[in-house]
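Below is one structure, written out as structure tokens; the observations come after it.
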Amino acid sequence: MRGLALLLLSAFATVAAAQSASPDLPDIGNPANAMLTPSEEYRIGAMIVRQLRDQNQIIEDPEVEEYIQDVGSRIAAQAQDGQARFHFFVVKDSGLNAFALPGGFIGVNHGLILQTNNESQLASVIAHEVAHVTQRHIARAINAQSKQSLTSAAAILAAILIGAVSGSGDAIQGGIAAAQGAAAQQQINFTRSNENEADRVGIGFLAGAGFDPREMPNFFEIMGRRYVLERTRLPEFLQSHPITSNRIAESRARAAQFDHPKRHDDSVGYQLIRERLRVIAAPKEADLRPYYAQRINGANPRLADLYGNALANMARNESRKAVSILGPLGDEHEGAILIQVALGQAQTDADMTNDALGTFAHAMQLFPRNVPLTVRYAEALMKAEKPKQAHELLLDLFNNVPPTPAQIRLTALAASAAGDMGDAYFYMSEYHISSGELPLASQQLELALASPNLTPVQKERFQARLDEIREFLAEDRRAARARQTSDEGGSFR
């Protein structure tokens, strides 16, 4: 993670020297623009997420992505500012941490999810980070120092990048303050001010979304107690979210002002996703089957533990054993989509092709256009040598739901296997765009336009996208030439 932070710092220093070489980054050379626009915040956040994905720091699992986005969107819907766009993701890190990036990108470590005791506690952390975004704490911090030099501004934004990778949104705030040479006490006050505001606003989001607001102070208190004897080894979350008795008391007082459910049961999705993360985030050499054998050794084992046991068997190539576990669960819990999807996957891995396709087809009737289900069904169809059906299935989904980079790539592979080379090249171009590789995207679109048997709709679509990329690249080249001839001395050295 430290290497990625240095990479981001170096990359942003280069951008700062060029005074925003790309339209994807803000012009920080003019003090009048010190306040980042929402569009500029989004571009910075997207760049950081792209780097995290390139470094394999994001868990790209359709089931996990769907769950965290659902919970996050439920909370974000409470925000009054309809302009904000939110994107939630899970970070491949066992540490206790969560962070908000510029532009509404919110990351949660899988380790934090595993340490929550209930869904409202997880939601409370997400609500706190959503509040950092809606209150625009990063942009406000920069605006507070609107008369800083270009060098200071570049240092601040570099601190944003480093803080995003190595800590929470609040660590970013501390980095900003440090970058401007503020006194230690000023840094603490600055962070506490944002913390209090995020608590106050976030607990309102939490209650409005139907979660138990009392779980925000509960979670902070539990974490504080758990690590009170480990001051030298505090997790990042507690370093950047300092726990004090006053803060807990204030949160409890705020929670008491909201209606709260007499009983708030966790969703089945929360219970199952925690076990899914436990299995997929475990080291490759780890065998979790003994762990689950102990957990299910009783008269009434939990559904989540049985699900985890099945996944643990799949991870050790015991897919038929997983089928024997998931089959009865699928009959008993037909509405639990994660069970149905896992059963189809286990049957696919066990070469029970017809059974797998039947399981997926039935589930699609129950849950049409569900993203994880459709992706797993498409994978099974491709293994069954039915790529055309897989391609059609994915196109129907992603014409209605924005895909992730991994899902774009899967669509390209399905199109290629189905013989639709125009679509194959087009979706590979979209994959390169998501990675910021515009020249490669342009090449793929040229290949797409040269493909035989294109429909008029495909031709128009491919050409429009190619024109858009070419125009962007041309503007970037013009900006580079203008910088070379400029006599202004604002370079970052």
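Worth pointing out:
- For the range 341-396, trypsin sites (Lys or Arg not before Pro) are listed when DSSP marks them as loop and at most 15 other Cβ atoms sit within 10 Å of their Cβ; the list is Arg369.
- Taking other C-beta atoms within 10 angstrom as a stand-in for reagent exposure, Asp423, Asp305 fall in the order Asp305, Asp423, fewest first.
- Amide H contacts of His87 (H built 1.01 Å from N, in plane; Pro and chain starts excluded): Phe105, Ile106 sit under 5 Å, all sequence-distant by 5 or more or on other chains.
- Proximity of backbone amide H atoms, modeled 1.01 Å from N, is registered between Glu437 and no other residue at under 5 Å, excluding neighbours fewer than 5 places apart on the same chain.
- Hits among aspartates and glutamates - C-alpha to C-alpha of Lys92 under 17 Å, sequence gap 8 or more where chains match: Asp54, Glu60, Asp61, Glu63, Glu65, Glu66, Glu236, Glu275, Glu285
- Least to most buried among Tyr431, Tyr377 (fewest other Cβ within 10 Å first): Tyr431, Tyr377
- Theoretical FRET efficiency, 1/(1+(r/R0)^6), r = Cβ-Cβ of Ser94 and Glu460, R0 51 Å, to 0.05: 0.60
- Centroid-to-centroid, using Cα positions, the range 94-141 and the range 440-455 are 41 Å apart.
- Neighbour counts of other Cβ atoms within 10 Å put Glu392, Glu460 in the fewest-to-most order Glu460, Glu392.
- Within the range 342-376, backbone nitrogen closer than 12 Å to the virtual label 7 Å beyond the Cα of Glu60 toward Cβ: none
Throughout, read-outs are computed from the coordinates displayed, never taken from laboratory work. Because the structure is predicted, anything quoted here is derived from the model rather than measured. Please note: Cβ atoms are built from the backbone with ideal geometry, for glycine as well, and neighbour counts cover all protein chains shown.
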